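I have placed the structure first, in the form of structure tokens, so that the comments after it can refer back to it.
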Amino acid sequence: MNVKLKAALWHYSGFFKPGRSRVGELPADVIQYLSPDNPFLKELKRRYAVFNESPHSSWASWEGKVNLLKFRGENDYVSQTYFLNTARRYEMTLAYAEAMDTLGLFSLLKEDELFGAKTWEFVPGQRISRDLMDSIIEITFLSQALGFKLNDRFRILDIGAGYGRFSHRFTTAFPNGSATCIDAVPTSTFLSDFYLKFRNCDRVKVVPLNHVADLQNGTYDLAMNIHSWSECTKQFITFWLDRLCDLKVPYLFIVPHFGNLSSLETDGASLTYDDELERCGFKLVLKQRKFHKSKLVDSLGVFPADYWLFKREINSRV
Ligand SMILES: C[S@@+](CC[C@H](N)C(=O)[O-])C[C@H]1O[C@@H](n2cnc3c(N)ncnc32)[C@H](O)[C@@H]1O
């Protein structure tokens with residue numbers, strides 16, 4: 001089945017999945033801003049069209065389907081539900097994430113269901129979502145693997161940042177943490193720029209793709225791509241890896257959709273990029289299941305995945 005057809009089926013099946021998704025109570029100016037006619041969005045589309053000479057990913061055809069008022073809803077950036085057993089999966093994932101929450105992130109980060117996020121409330125007063133729980137599990141993994149603590153000054157570069165899910169959670173919890181979000185899809189840059197301002201994340205910068213050359217050497221402790229490179233072409237993944245070499249980023253965190261690290265080409269083919277990681281000098285230092293402490297949650301939790309952490313010697317000649 002070709003990529004467009006697969007994406008369309010996936011998109012429309014989302015309408016039949018369980019769970020409530022609401023825009024929420026938003027001020028009129030926000031509703032007006034989140035419009036396909038927004039001049040800033042149009043300008044980003046124009047600029048990216050010039051910059052993206054070769055196809056960046058399958059997002060070219062997906063972008064038009066993003067619901068700008070429900071961008072945290074099913075399908076757009078973060079899949080959230082299953083046809084069966086969704087509530088059970090969320091309940092198990094919550095119990096797991098709470099048990100693993102050594103930084104106390106559940107008391108620092110909250111969910112409000114705005115912009116369509118699907119939420120559950122198993123404990124009265126504690127609303128949870130995949131956005132919230134995935135971010136907590138990812139941050140806990142990274143802080144344990146890299147040894148940074150809540151008050152440390154840790155700087156991330158979030159490539160394929162979507163609407164800014166991770167950077168919002170990370171900088172809310174870490175008072176001295178900072179993040180830069182970058183993306184090859186104009187709608188994603190537009191939404192992350194809007195959302196991170198909406199959430200008052202003043203230690204997050206959203207850099208448009210055509211300003212990629214403005215990113216500064218030696219200013220990031222970690223680069224990440226969470227569920228983004230699995231949707232990109234190998235050519236574009238190589239572009240990002242070369243930028244990480246230029247920027248001398250020592251660590252790289254990858255969360256792929258599937259078991260291996262591979263691209264999605266526009267004809268539906270999938271190519272491994274292990275060779276490019278090797279060429280750039282990235283060495284695997286840790287690979288761990290998202291739910292590594294429980295086989296049961298690993299099979300019945302919310303979207304199990306692998307976490308891959310790479311290190312690159314910054315004096316590497318590549
Ligand atoms: C499934 S979303 C994941 C978003 C975010 N990382 C998260 O975990 O919430 C995939 C993201 O990859 C971005 N993307 C698609 N092609 C890209 C490319 N060539 N380079 C960088 N990002 C890309 C999309 O715009 C989107 O933001």
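The values are calculated or read from the model by the stated rules, or taken from the named source; none is laboratory data. All of these numbers come straight from a predicted model, not from anything done at the bench. Counting neighbours? That spans all protein chains shown, and the Cβs are built from the backbone with ideal geometry, glycine included. Please note that ligands, DNA and RNA were not included when accessible areas were found on the heavy atoms of the full protein model with its side chains. Shrake-Rupley method; radii C 1.70, N 1.55, O 1.52, S 1.80 Å.
Hey, among ALA28, ALA49, ALA99, ALA8, which residue is farther than 23 Å from VAL212 by Cβ and modelled with pLDDT under 95?
Criteria check complete, one pass: ALA8.
Here's a check for you: in the range 172-194, which residue that is among the hydrophobic types (A, V, I, L, M, F, W, C) and touching a residue at least 40 places away in the same chain (Cβ under 8 Å) is farthest from the ligand (Cβ to nearest atom)? Quick ask: steps written out before the conclusion?
Within the range 172-194, the subset among the hydrophobic types (A, V, I, L, M, F, W, C) is 173-174, 179, 181-182, 184-185, 190-191, 194.
Those left that are additionally touching a residue at least 40 places away in the same chain (Cβ under 8 Å): 173, 184-185, 190-191, 194.
Values: ALA173: 16, ALA184: 3, VAL185: 3, PHE190: 10, LEU191: 8, PHE194: 14 Å.
Ranking the qualifying residues of the range 172-194, first place goes to ALA173.
Can you work out which of the residues in the range 251-260 that are surrounded by 17 or more Cβ atoms within 10 Å (Cβ to Cβ) and over 18 Å from ALA184 (Cβ atoms) is farthest from the ligand (Cβ to nearest atom)?
It comes out as TYR251.
Just one of the numbered conditions (1) over 13 Å from the mean Cα position of the chain (by Cα); (2) more than 11 Å from the ligand (Cβ to nearest atom) is not true of ILE156; which one?
That leaves (1) as the condition not met.
Against the definition (touching a residue at least 60 places away in the same chain (Cβ under 8 Å) and within 16 Å of the ligand (Cβ to nearest atom)), how does SER61 come out, yes or no? Show your work before the answer.
Working: touching a residue at least 60 places away in the same chain (Cβ under 8 Å): no; within 16 Å of the ligand (Cβ to nearest atom): yes.
In short, no.
Restricting to the range 225-249, name every residue that is more than 11 Å from the ligand (Cβ to nearest atom), part of a helix (DSSP H, G or I), surrounded by fewer than 21 Cβ atoms within 10 Å (Cβ to Cβ) and not acidic (Asp, Glu).
CYS245, LEU247, listed by residue number.
Is it true that some residue in the range 111-120 is within 16 Å of the ligand (Cβ to nearest atom), in contact with a helix residue (DSSP H, G or I) (Cβ under 8 Å, 6 or more places away or on another chain) and not in a loop (DSSP other than H, G, I, E, B)?
yes
Please work out which residue is modelled with the lowest pLDDT, limiting yourself to the range 264-318 and to residues that are of a type in the set (S, T, N, Q) and open to solvent by 40 Å² or more (accessible area, probe 1.4 Å).
Ranking the qualifying residues of the range 264-318, first place goes to ASN315.
Name the single residue, out of those in the range 64-92 being hydrophobic (A, V, I, L, M, F, W, C) and within 13 Å of the ligand (Cβ to nearest atom), that is surrounded by the most Cβ atoms within 10 Å (Cβ to Cβ).
By that ranking, first place goes to PHE71.
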